[in-house]
Amino acid sequence: MDDRNLMENILLLEKGACDLFLHGAIESSTKNVHSAFTSSLNDSLRMQDEIYLKMQQKGWYPTQQVEENKINTVKQKFQSCC
């Protein structure tokens, strides 16, 4: 397994952890449990961001600019329904 695949796998695992921590925070029944999940979620989000930035720097997570008209189309769609 090369470095890119390894980083992709780590990023996917970290995203999964974020999802679990988010749902744990939402469903927690006590303030202490909620605080623990929220703290873990914030830590996990920071790690996810660091992994993403490293991958982007190496060109392993390319992004693309979205055309302004596409953004406006989506905005209009959601403004009209809400």
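The values are calculated or read from the model by the stated rules, or taken from the named source; none is laboratory data. If you're wondering where the values come from, they're calculated on a predicted model, not measured in any experiment. FYI the Cβ positions are ideal-geometry reconstructions off the backbone, even for glycines, and counts take in every protein chain you see. The accessibility values were calculated without ligands, DNA or RNA, using every heavy atom of the protein model including side chains. Shrake-Rupley method; radii C 1.70, N 1.55, O 1.52, S 1.80 Å.
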### Message
5 Å is the cut-off here: which amide hydrogens, built 1.01 Å from N in the peptide plane, fall below it relative to Tyr61, excluding neighbours closer than 5 in sequence?
### Response
Gln56
#### Entry: Correct option for Cα extents along the principal axes in Å [calculated from the coordinates] among [x] 31, 25, 22; [y] 46, 45, 16; [z] 54, 27, 25
[y]
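In debye to the nearest 20, how big a dipole does the chain give about its Cα centre with +1 on each Lys and Arg Cβ and -1 on each Asp and Glu Cβ? Walk me through the numbers before you get to the answer.
Details: 9 positive and 11 negative charges, 56 e Å.
Here the chain has a charge dipole of around 260 debye.
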### Summary
If one builds a Gaussian network model of the chain from Cα atoms under 10 Å apart, the most fluctuating residue listed among Glu50, Glu27, Glu68 is Glu68
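Less than 15 Å Cβ to Cβ from Arg4, Lys/Arg counted +1 and Asp/Glu -1: what total charge do the surrounding residues give? Spell out each step's value before the answer.
Details: positive: Lys54, Lys58; negative: Asp2, Asp3, Glu8.
Summing Lys and Arg as +1 and Asp and Glu as -1 gives -1.
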### Message
Could you give each residue of the stretch 16-29 its phi-based ³J(HN,Hα) in whole Hz, using Karplus coefficients 6.51, -1.76, 1.60 with θ = phi - 60°, and x for Gly or Pro?
### Response
x, 5, 4, 4, 5, 5, 4, 5, x, 5, 5, 8, 5, 9
### Query
What does the accessible area per residue of the chain come to in Å², with a 1.4 Å probe and no ligands, DNA or RNA counted?
82 Å²
### Query
All other residues with a Cβ under 12 Å from the Cβ of Lys58 taken together, and with Lys, Arg as +1 and Asp, Glu as -1, what is their net charge?
-1
### Task
Report in % the part of the accessible area of the chain that belongs to carbon and sulfur, leaving out ligands and nucleic acids; probe 1.4 Å.
55 percent
### Query
Short version: ³J(HN,Hα) in whole Hz for each residue of the stretch 74-80, in order, from phi by Karplus 6.51 cos²θ - 1.76 cosθ + 1.60 (θ = phi - 60°), x for Gly and Pro, what are they?
5, 4, 4, 4, 7, 6, 6
### Phi-based couplings in Hz for the stretch 39-50 (Karplus 6.51, -1.76, 1.60; Gly and Pro marked x)
4, 5, 4, 4, 4, 5, 5, 5, 5, 4, 5, 5
